[in-house]
Amino acid sequence: MIRTFKNTLISWFDGFFAKNADSIVAADFTMFFILVLLSFITYFIARKVLLSLIHQLTKKSKTNWDDKLADRKFFKILSYLVPAYIIYVFTPVSLESYPDIAGGIRIVLTVYMIAVVVMAANAFLNAVVDIYHDFTIAKHKPIKGYVQVAKILVYIIGIITIIANLFGQNPLTIIGGLGAFSAVLLLIFKDPILGFVAGIQLSAYNMLQPGDWISMPKFDTDGTVIDVSLTTVKVQNWDKTISTIPTYSLISDSYKNWRGMEESGGRRIKRAINLDMKSVKFCTPEMLEKFRKFEYVKKYIHEKEAELSNYNEAHKVDNSVLVNGRRQTNLGVFRAYLRGYLNNHPDVHDEMTFLVRQLQPSEKGIPMEIYVFSRIQEWAKYENLQADIFDHILAVIPEFDLRVYQNPTGDDLQKIGLPNLPK
């Protein structure tokens, strides 16, 4: 049909030109012009009609994957192939008398179509990531790094195919020739290769996922992971700055992942208050009577007194001397009070490690350490809880005839009469 139409054009142009060769030239370029016009018409139909129809169908469908493809403009990019393919197929017929020109046009169109296919593949892979993010497993097993590797392969194949078409070579021949160039390629793609291997390890061992809180002092990083890609991991620090860490560094270097704390249901409180050793003493009957009025230790004092009395009687201890036998101390009662107070606190976890202990005494006094877990994990509320607990502890210490130890200040030195101290 096309050849018949071409012959008709040649016959028509014979009426205008004296030579048949001129009529053939005019017919060839007229047909090529009509071919280009036809390709634009088909592109318009594909873009305005078919593409609109596809988008309407994707919106009405119950599935989500086609919407993701439409959002990533996958179908729109494919529509660019229509006019190029029409010109590519019919150019040899329309420019039959000019094989060199037709061949050059086909080479250009081939490069163009390969580029469009690469762009479509890129859009498709982006849609795959979007679709995958809708699944629950995406929170634990990110695939962005693997998709980026696939994109690199697509671009490499596309570039090799384009070069092969431009130079009229077999793509496999060019790929075979890259063997000698492999060392340079490994150097160029060192970071992607290391990142890909690290990404596999991070994913396989569930070491890192978006949303994890990590601390990595080497990179001055402390915040939430917001993106895990092929070569980098992005972390939003608590001061809202963004840190970018090489993916392979999370395998080669040490970092702390707080996910275990978040999944445990508790957050550790570990803090000590230094007490003045000179304020520690045996409890007198008056002190014990006072302490019995404290809700959190009255049962402890009663049971402990009974235990110590039985012990001292059994061993015939001379109670007229306090150092004989076993006695309660204000420090021991205070430690029991802290246990009772924390045990009864609604925001302190009673099913996780629970310690109120003395640490090694030093020139700074006796450290009384609180080692418990709060039920609250949110940072601001956790800090408020911790502050409330130690506010209470600092306020209650004098009730046990104990003193907090702290280094003397300028005001303390002034009170003892040292001269020439700034006020």
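Scanning the range 218-242 for residues that are surrounded by 14 or more Cβ atoms within 10 Å (Cβ to Cβ) and of a type in the set (D, E, K, R), which turns out farthest from Gly199 (Cα to Cα)?
Asp222
State yes or no: is Val356 under 27 Å from Leu385 (Cβ atoms) and assigned to a helix (DSSP H, G or I)?
The answer is no for Val356.
In contact with a strand residue (DSSP E or B) (Cβ under 8 Å, 6 or more places away or on another chain), crowded, with 16+ Cβ neighbours inside 10 Å and among the aromatic types (Phe, Trp, Tyr): is that true of Phe334 in this structure?
yes
Give me the pairs: first residue in the range 290-312 and of a type outside the set (D, E, K, R), second residue surrounded by 15 or more Cβ atoms within 10 Å (Cβ to Cβ) and modelled with pLDDT under 90, beta-carbon distance under 6 Å, and six or more apart or on different chains, which are they?
Asn312/Gly325
Yes or no: the range 60-68 includes at least one residue that is over 30 Å from Gly211 (Cα atoms), surrounded by fewer than 18 Cβ atoms within 10 Å (Cβ to Cβ) and of a type outside the set (A, V, I, L, M).
yes
Among the listed residues Lys298, Lys281, Lys290, Lys304, which satisfies the condition of being farther than 22 Å from Asn343 by Cα and touching a helix residue (DSSP H, G or I) at 6+ places or on another chain (Cβ under 9 Å)?
None of the others qualify; the one that does is Lys281.
Just give me the residues in the range 60-97 being part of a helix (DSSP H, G or I), of a type in the set (Lys, Arg) and free of Cβ contacts under 8 Å to residues at least 40 places away in the same chain, in sequence order.
Lys60, Lys76
Please note which strands (runs of 3 or more DSSP E) are completely contained in the range 196-283 and include at least 1 residues that are in contact (Cβ under 8 Å) with a residue 12 or more places away in the chain and among the hydroxyl-bearing types (Ser, Thr, Tyr).
Strands (runs of 3 or more DSSP E) meeting the threshold: 213-216, 221-228, 232-237, 242-246.
So is Leu418 modelled with pLDDT under 90 and aliphatic (A, V, I, L, M) or not?
For Leu418, the condition - modelled with pLDDT under 90 and aliphatic (A, V, I, L, M) - is met.
Specify the residue that is modelled with the lowest pLDDT; the eligible residues are those in the range 115-172 that are buried (at least 16 other Cβ atoms within 10 Å of the Cβ) and in a loop (DSSP other than H, G, I, E, B).
Here the answer is Pro142.
The values are calculated or read from the model by the stated rules, or taken from the named source; none is laboratory data. Keep in mind it's a predicted model, so treat the numbers as computed, not measured. Virtual Cβ from ideal backbone geometry, glycine too; neighbours counted across all protein chains shown.
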